[in-house]
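Trainee: Have a look at the structure that comes next, please.
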Amino acid sequence: MAFTYAELVRAAAGDPGRWVRDVASGDAATTEFYASVTPLIGNSQTITVGGAARTEVAAAPGATEYTINDESGRIIFGGAPASGTDNIVVAYKGARITDAEVTEAIRQFGLVATDTADVGPQAAVYGIAAWLCDWMASATAGDYDFETDGQSYKRGTVSAAWAARADVNRGLSRRAGGLVSVPVTRMDGYARRGEFSTRDIGTSSSNPRRTYYGEQDVLP
């Protein structure tokens with residue numbers, strides 16, 4: 001079995017996706033539903049209504065078709081599923097990095113996400129994964145801590161886990177003889193996915209989109 005660059009990069013980044021099974025009940029009127037885990041890995045889903053498979057289309061779904069937004073998880077049926085208890089089943093792979101981010105990162109390294117890597121540059125795969133992990137470490141560093149229903153989310157732990165994964169991939173890329181990205185040591189510029197919490201945005205600065213975190217980054 002030949003893996004695509006997208007699959008290899010996701011595996012190296014520690015985000016190959018996990019299978020999720022959502023169940024909902026139709027009422028013969030509602031046509032819009034949402035997946036519980038987002039983003040979805042594209043084309044990983046199967047959707048059945050009353051045991052019959054529905055077909056994905058890009059737009060204007062017919063009576064037995066649907067559209068799906070992989071990033072938001074929004075599902076729109078062309079025909080409202082019939083009334084029934086748990087008669088709508090959606091199985092898919094949920095992830096943390098979007099397909100668009102994986103595809104663009106791979107493109108930046110001169111590769112194509114959908115190409116199979118029967119014999120390919122391992123160093124590039126690890127380098128791309130390191131870049132994505134640094135990206136996620138930066139993005140999650142500004143999240144808020146919260147606890148609910150006996151579970152908790154700690155931004156420091158999550159961000160540190162992504163950063164550690166990036167370091168592992170940088171080491172693997174060096175071992176394979178490739179170029180590596182410089183670790184993220186400062187966040188600035190426009191916010192992405194909550195990259196800054198509100199307390200980190202200073203309005204007294206000459207640039208209100210940025211808070212000063214220290215000296216400018218330099219190569220190690």
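Trainee: How large is ³J(HN,Hα), in whole Hz, for each residue of the range 36-52 in order, when computed from phi with the Karplus curve 6.51 cos²θ - 1.76 cosθ + 1.60 and θ = phi - 60°, using x for Gly and Pro?
Mentor: 7, 10, 9, x, 9, 7, x, 6, 8, 8, 10, 10, 10, 10, x, x, 9
Trainee: Go through 50-62, 133-145, 156-168 and give me the packing order, highest mean Cβ count within 10 Å leading.
Mentor: 133-145, 156-168, 50-62
Trainee: Further, regarding this structure: In whole Hz, with x marking every Gly and Pro, tabulate ³J(HN,Hα) for the range 142-149 from phi via Karplus 6.51 cos²θ - 1.76 cosθ + 1.60, θ = phi - 60°.
Mentor: With coefficients 6.51, -1.76 and 1.60, one gets x, 5, 8, 6, 7, 9, 7, 6 Hz.
Trainee: In whole Hz, what ³J(HN,Hα) sequence does the range 128-133 give by Karplus (6.51, -1.76, 1.60; θ = phi - 60°), x for Gly and Pro?
Mentor: So the Karplus estimates, Gly and Pro as x, are 5, 4, 4, 4, 5, 5 Hz.
Trainee: Taking the Cβ of each residue in ASP149, ASP99, ASP27 as the centre, tally the other Cβ atoms inside 10 Å and list the residues starting with the fewest.
Mentor: Listing ASP149, ASP99, ASP27 from fewest to most nearby Cβ atoms yields ASP149, ASP27, ASP99.
Trainee: Below 10 angstrom from the Cβ of ILE97, what's the summed charge of the other residues (Lys, Arg +1; Asp, Glu -1)?
Mentor: Overall, the nearby charge balance is -1.
Values in this text are rule-based calculations from the coordinates and carry no lab data. Everything numeric here is computed off the predicted structure, so don't read it as measured data. We place every Cβ from the backbone using ideal geometry, glycine too, and count neighbours over all the protein chains shown.
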